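Notes for the one structure printed next.
The values are calculated or read from the model by the stated rules, or taken from the named source; none is laboratory data. For clarity, every value in this text was computed on a predicted model and none was experimentally measured. Cβ placement follows ideal geometry from the backbone for every residue including glycine, while neighbour counts extend to all protein chains displayed.
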Amino acid sequence: MFHLLQQYTTESVTAGHPDKVCDQVSDAILDAIIKEDATGRVAVECLGSHGTFLIGGEVTTRASVDYEKIARNVYDSIGYDNGDLEVLVRVAQQSPDIALGVDKEGAGDQGIMYGYATDETPEYLPLGVVLSHKLARTLEKLRRDGVFAWLKPDGKSQVTVSNGAGVVTALVSTQHAEDVSQAEIREGLTERLFKPTLGSIEGVEILVNPTGKFVIGGFTADAGLTGRKIQVDTYGGLVPHGGGCFSGKDPTKVDRSAAYMCRFVAKNLVANGYGKKVLVSVAYAIGRAEPVMVEAYDESGKNLTDVVSKFDFRPRAIIERLDLRKPIYKETAAYGHFGVDGRPWEQVEKM
């Protein structure tokens, strides 16, 4: 019924990708506010483009945070030189019209959210999603550990999986120093990245920097924007994604918290034997606590909605169940929000 393609492709990006820089700054700001004010409301988005970094959005909080300092610290921690970066801050108070509904513990917006789980990997995620993130994470680790001095922060990965045949194509594009050959990059990454990550590359087409060169990266090469990698953040495009992104949003925003709850429920249904693949969906009306829809199906189309109805999808109940008023968000802003041990929505409980 879903995720039944004979072949599929998924991607990931490194923490130095322009869009992911923006996600990380947005979530670092969220964490800073929640650390001082657990009930603070945050909707912060960032735009980076060719020497300029704009922080915009709305907050309602008692916390006092230095937005520019947070942005520069994130930028620096990733490995970029922010000396020439101009940072602009345009953050306002949240609209009182939106606050009316949230104050009554209703949803902060309308929308549809989805959660998915599959038994094909220990992470309860599709194999291609797991491997794409693993390639990107390992590429980042090779750079930070100094294994290859020519590696730079910006990068992407992509994996094509054939059901029944495993990985058929694996791709990495990585920013690099000017004085290294593509042959050296390919040889180094084949031995230290592709082979350890994939286990075997026999029969796998390996692509490295297919444009032939990737020296200019980050905001020097491309603009970045919060929330523009929603499929990287979730399930690789293999199942539906709701209209909203996650980063920069506090847990009263159901775009984020309800998507986490849907993942929690889907994973627990699979872990407890209700299906091999489960898709959970929920929808809200702004200002209303009770969802307007909750549904779930397994891989054969069996309706699991009655089982899912045992879970409370009201925004406040989600926040309390998953303990979401903690500064845990920046760490989620790269390499996917799901499949990582220790995150509250990844916990498995007996049903």
Any hit, the range 335-343, residues being more than 17 Å from residue 259 (Cβ to Cβ), part of a loop (DSSP other than H, G, I, E, B) and at pLDDT 95 or above: yes
The range 231-268 - residue that is among the polar types (S, T, N, Q) and closer than 25 Å to residue 350 by Cβ and, of those, surrounded by the most Cβ atoms within 10 Å (Cβ to Cβ): 257
Matching residues in the range 143-191 - criterion: being part of a strand (DSSP E or B), under 20 Å from residue 336 (Cα atoms), in contact (Cβ under 8 Å) with a residue 60 or more places away in the chain and of a type outside the set (Val, Ile, Thr): 153, 154, 155, 156, 157, 158
Candidate set: the range 13-60, residues that are charged (D, E, K, R) and outside any helix (DSSP H, G or I); chosen: the one farthest from residue 244 (Cα to Cα): 37
From the options 290, 299, residue that is among the acidic types (Asp, Glu) and closer than 25 Å to residue 8 by Cβ: 299
Count - residues of the range 105-126 that are outside any strand (DSSP E or B), surrounded by 24 or more Cβ atoms within 10 Å (Cβ to Cβ) and of a type in the set (Gly, Ala, Ser): 1
Matching option when the condition is surrounded by 18 or more Cβ atoms within 10 Å (Cβ to Cβ) and not assigned by TED's automatic domain parsing to the domain that holds residue 156, among 39, 60, 52: 60
Residue in the range 275-307 that is nearest to residue 127 (Cα to Cα), counting only those that are of a type in the set (Ser, Thr, Tyr) and either free of Cβ contacts under 8 Å to residues at least 60 places away in the same chain or loosely packed, with under 13 Cβ neighbours inside 10 Å (or both): 300
Residue list for the range 257-308, filter: among the acidic types (Asp, Glu) and either closer than 20 Å to residue 241 by Cβ or touching a Phe, Trp or Tyr at 6+ places or on another chain (Cβ under 6 Å) (or both): 295, 298, 299
All positions within the range 275-319 that are in a strand (DSSP E or B), among the hydroxyl-bearing types (Ser, Thr, Tyr) and within 22 Å of residue 119 (Cβ to Cβ): 281, 297
Residue 310 being within 16 Å of residue 349 (Cβ to Cβ) and surrounded by fewer than 16 Cβ atoms within 10 Å (Cβ to Cβ): yes
Qualifying positions in the range 320-334 - part of a loop (DSSP other than H, G, I, E, B) and in contact (Cβ under 8 Å) with a residue 60 or more places away in the chain: 324, 325, 326, 327, 328, 329, 333, 334
Residues located in the range 201-237, provided they are more than 13 Å from the chain's Cα centre (by Cα), in a helix (DSSP H, G or I) and at negative phi: 219, 220
Criterion: hydrophobic (A, V, I, L, M, F, W, C) and under 18 Å from the mean Cα position of the chain (by Cα) - qualifying residue of 71, 28, 63: 28
Test: residue in the range 260-272 that is touching a Leu at 6+ places or on another chain (Cβ under 7 Å) and not in a helix (DSSP H, G or I): no
Where a residue in the range 201-217 is farther than 17 Å from residue 11 by Cα and its partner, wherever it lies, is outside any loop (DSSP other than H, G, I, E, B) and of a type in the set (Lys, Arg), with Cβ under 6 Å and at least six apart: 201/195; 217/152
So residue 65, is it in contact with a Lys or Arg (Cβ under 8 Å, 6 or more places away or on another chain), outside any helix (DSSP H, G or I) and either free of Cβ contacts under 8 Å to residues at least 40 places away in the same chain or buried (at least 22 other Cβ atoms within 10 Å of the Cβ) (or both): no
Among the candidates 106, 57, residue that is within 21 Å of residue 257 (Cβ to Cβ) and either of a type in the set (Phe, Trp, Tyr) or at pLDDT 95 or above (or both): 57
Residue ID - farthest from the chain's Cα centre (by Cα), chosen from residues in the range 172-200 that are within 24 Å of residue 49 (Cα to Cα) and surrounded by fewer than 16 Cβ atoms within 10 Å (Cβ to Cβ): 178
Selected residue (criterion: nearest to residue 11 (Cα to Cα)) from residues of the range 145-171 that are hydrophobic (A, V, I, L, M, F, W, C), buried (at least 21 other Cβ atoms within 10 Å of the Cβ) and out of contact with any Lys or Arg (no Cβ under 7 Å at 6 or more places or on another chain): 159
